[in-house]
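Here's the structure, in structure tokens; my notes come after.
The values are calculated or read from the model by the stated rules, or taken from the named source; none is laboratory data. What you see is a predicted model, and the numbers here were worked out from it, not measured in a lab. We place every Cβ from the backbone using ideal geometry, glycine too, and count neighbours over all the protein chains shown.
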Amino acid sequence: MIGKKTLLPWVFAAMTPFVPLSAHAETSPGLGKGCQVFEHKDFKGRSYVMPSGVMLIAANDPGYRTTTNGHSFEYIEVFSRRWNDDIGSVKMGPGCRVTLYEHVDKRGKSKTFAGNTARLGWWNDEAGRASCLCDK
């Protein structure tokens with residue numbers, strides 16, 4: 001007979017999906033020094049490619065502008081209302097990171113992804129802003 005102490009770790013292991021560590025670091029060399037956001041999970045739907053240093057802001061502000069993020073790094077801001085709460089997966093080139101922000105004004109939660117991510121979990125359709133930064 002299997003006791004509770006023997007069964008409990010097995011039950012938790014069976015409930016936890018196995019994700020190889022290498023899956024977190026997978027990148028898309030074809031993107032070079034850039035990142036790509038997708039409308040749906042599993043890299044489906046419409047997408048937007050951001051070169052390093054671009055911040056996609058889901059707001060009604062026409063055109064582009066250059067700003068400083070407080071660390072003497074300039075972002076080119078791209079305004080597109082249609083991306084508000086509409087990012088479902090992300091890809092990036094080697095050495096790149098995508099940071100998602102819960103709200104357009106960078107308030108709320110934020111999370112940085114350092115590898116291709118087909119399913120964003122809680123972040124699915126929650127980001128109001130996304131930025132792409134790559135190593136030089």
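Listed values, structure above:
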{"quantity": "Selection count, the stretch 108-127, where residues are part of a loop (DSSP other than H, G, I, E, B), under 18 Å from GLY45 (Cα atoms), touching a strand residue (DSSP E or B) at 6+ places or on another chain (Cβ under 6 Å) and modelled with pLDDT under 95", "calculated": "1"}
{"quantity": "The stretch 97-127 - residue that is without any contact (Cβ under 8 Å) to a residue 24 or more places away in the chain and of a type in the set (A, V, I, L, M, F, W, C) and, of those, nearest to ILE87 (Cα to Cα)", "calculated": "TRP122"}
{"quantity": "Any hit, the stretch 92-107, residues being touching a His at 6+ places or on another chain (Cβ under 9 Å) and at pLDDT 90 or above", "calculated": "no"}
{"quantity": "Scope the stretch 102-122; condition farther than 19 Å from VAL49 by Cβ and over 8 Å from the mean Cα position of the chain (by Cα); matching residues", "calculated": "GLU102, HIS103, VAL104, ASP105, LYS106, ARG107, GLY108, LYS109, SER110, ARG119, GLY121, TRP122"}
{"quantity": "Selected residue (criterion: surrounded by the fewest Cβ atoms within 10 Å (Cβ to Cβ)) from residues of the stretch 25-51 that are small (Gly, Ala, Ser) and touching a residue at least 12 places away in the same chain (Cβ under 8 Å)", "calculated": "GLY30"}
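Rundown of residues vs (1) within 15 Å of the chain's Cα centre (by Cα); (2) at pLDDT 90 or above, yes/no style:
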| site | (1), (2) |
| --- | --- |
| ALA25 | yes, no |
| CYS35 | yes, yes |
| GLY63 | no, no |
| GLU74 | no, no |
| ASP86 | yes, no |
